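These notes are about the structure you will find just below.
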Amino acid sequence: MIQSILLSSISEGLLFGFVTIGVYITFRVLAFPDLTVDGSFVTGGSVAAVMIATGHNPFLATVAALIAGLIAGTITAALNTAFRINALLSGILMMVGLYSVNLRVMHGANIPLIRSITIFESVAHFCSIRRSSVLIIYTLVVLAAMFFLALNWFLRTEVGLALRASGDNEQMVRGLGSDTNKNVVLGCAISNGLVALAGSLVAQSQGFCDVNMGIGMIVMGLAAVIIGEGVLHPRGIAKILFACFVGTFLYRLFITIALRLGLAPGDLKLITATLVVIVLAVPYVKKRLRGEWVPPAARM
């Protein structure tokens with residue numbers, strides 16, 4: 001039983017780790033409250049599922065899902081930077097719009113992949129072995145390592161450093177000659193591209209894509225970011241990226257154990273929301289107990 005729980009949590013931690021990194025980029029790096037995540041996650045899954053179901057190469061379908069997420073994130077950022085729509089509202093509008101787009105892409109509420117060849121079957125066939133949970137984990141580890149190294153390199157480049165600084169001090173970045181609007185567009189595109197990638201992998205892993213499977217992704221990603229930061233206290237981009245995967249693993253482990261203990265699936269969203277509230281409230285409570293003054297929370 002313990003082995004089953006760990007394998008499931010590791011697999012889901014690797015799958016949803018891409019969502020957590022995407023949420024980290026927008027919320028922590030850009031200070032951009034992007035709610036597109038709930039929609040772009042399904043967009044990635046729907047694009048990949050439709051292409052795979054119609055006989056396309058699963059790796060090509062996964063890349064197409066990533067590109068679809070990049071486009072969704074670009075549009076969200078453009079609403080904010082080009083039309084000066086509030087960042088939160090831009091994400092909400094895009095999330096709502098993507099719901100209809102996803103229904104159109106799938107020509108319905110869901111699409112099955114039970115008898116289709118996904119990347120996991122392709123890898124199993126290449127290695128001449130049967131698909132198993134261990135094979136899925138190995139495949140995801142390779143994919144996670146590739147994106148980990150790519151992001152670790154990119155965020156250390158001049159463009160990456162400008163992107164990371166845009167959320168901390170936008171005026172300073174502009175003063176140094178960097179276009180912060182382009183940085184926001186780039187960051188949102190990368191974020192939603194990673195989320196869509198996760199959606200495509202989840203759809204291939206579970207054998208279907210459903211239009212409602214993205215509900216709560218933003219809360220899950222934020223919870224995983226907070227847990228990872230709270231456990232590892234990371235310094236440096238490599239440790240931060242690693243903390244995102246660790247936080248996602250711990251979050252999924254908590255959820256898996258809760259389900260095994262008999263908790264109703266319908267209660268998980270409430271448990272997640274409560275967990276996030278507690279983690280966010282702890283620093284405030286500690287400061288109040290020490291008698292420190294805490295400024296009012298931002299409302300926009």
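Bear in mind these aren't lab numbers, they're just calculated from the coordinates by the rules spelled out. Keep in mind that this is a model prediction, so the values were computed, not measured. Heads up, the Cβs are rebuilt from the backbone with ideal geometry, glycines too, and the neighbour counts pull from every protein chain shown.
Counting Lys and Arg as +1 and Asp and Glu as -1 over every other residue whose Cβ lies under 14 Å from the Cβ of residue 203, the net charge comes to -3.
Segment 221-238 and segment 52-68 have their alpha-carbon centroids 31 Å apart.
In segment 2-289, Cα pairs under 8 Å separated by at least six residues give a relative contact order of 36 percent. Using the average count of surrounding beta-carbon atoms within 10 Å as a protection proxy, the listed peptides 192-199, 224-231, 17-24, 49-56 rank, highest first, as 192-199, 17-24, 224-231, 49-56.
When shorter helices are ignored and each DSSP H run of at least 4 residues is given -39500 (n - 2.57), the per-residue value for the chain at 222 nm works out to -24500 deg cm²/dmol. Going from the fewest other Cβ atoms within 10 Å to the most, the residues 210, 38 appear in the order 210, 38.
Listed by Cβ neighbour count within 10 Å, with the fewest neighbours leading, 158, 170 appear as 158, 170. Need the C-alpha centroid separation for segment 86-140 versus segment 1-21, integer Å. Using only Cα atoms, the two centres lie 16 Å from each other. Evaluating 6.51 cos²θ - 1.76 cosθ + 1.60 at θ = phi - 60° for every residue in segment 282-293, the Karplus couplings come out as 4, x, 5, 4, 4, 5, 5, 5, 7, x, 7, 7 Hz, glycine and proline recorded as x.
In the set (i) 19.8; (ii) 20.6; (iii) 22.0, the label that goes with Kirkwood radius over Cα pairs in Å computed for this structure is (i). Here the gap between residue 150 and residue 89, fully extended at 0.36 nm per residue and compared with their Cα-Cα distance, gives a gain of 18.9 nm. Ordering 138, 251 by the number of other Cβ atoms within 10 Å of each residue's own Cβ, fewest first, gives 138, 251. Annotation: lysines with alpha-carbon distance below 30 angstrom to residue 182 (same-chain offsets under eight excluded): 239.
Comparing 59, 141, 277 along the charge dipole axis of the chain, the residue lying farthest to the positive side is 277, per the Cβ-charge model. The angle between the Cα long axis of helix 37-53 and the longest principal axis of the Cα atoms of the chain comes to about 20 degrees, rounded to the nearest 10. Counting charges near residue 241 (Lys, Arg +1; Asp, Glu -1) among other residues having Cβ under 14 Å from its Cβ returns a value of +4. Which net charge results when you count Lys and Arg as +1 and Asp and Glu as -1 among the other residues whose beta-carbon is under 14 Å from that of residue 180? Net of charged neighbours comes to +1. Rounded to the nearest 20 debye, the dipole magnitude of the chain is 440 debye, with +1 charges on Lys and Arg beta carbons, -1 on Asp and Glu beta carbons, and the Cα centre as origin.
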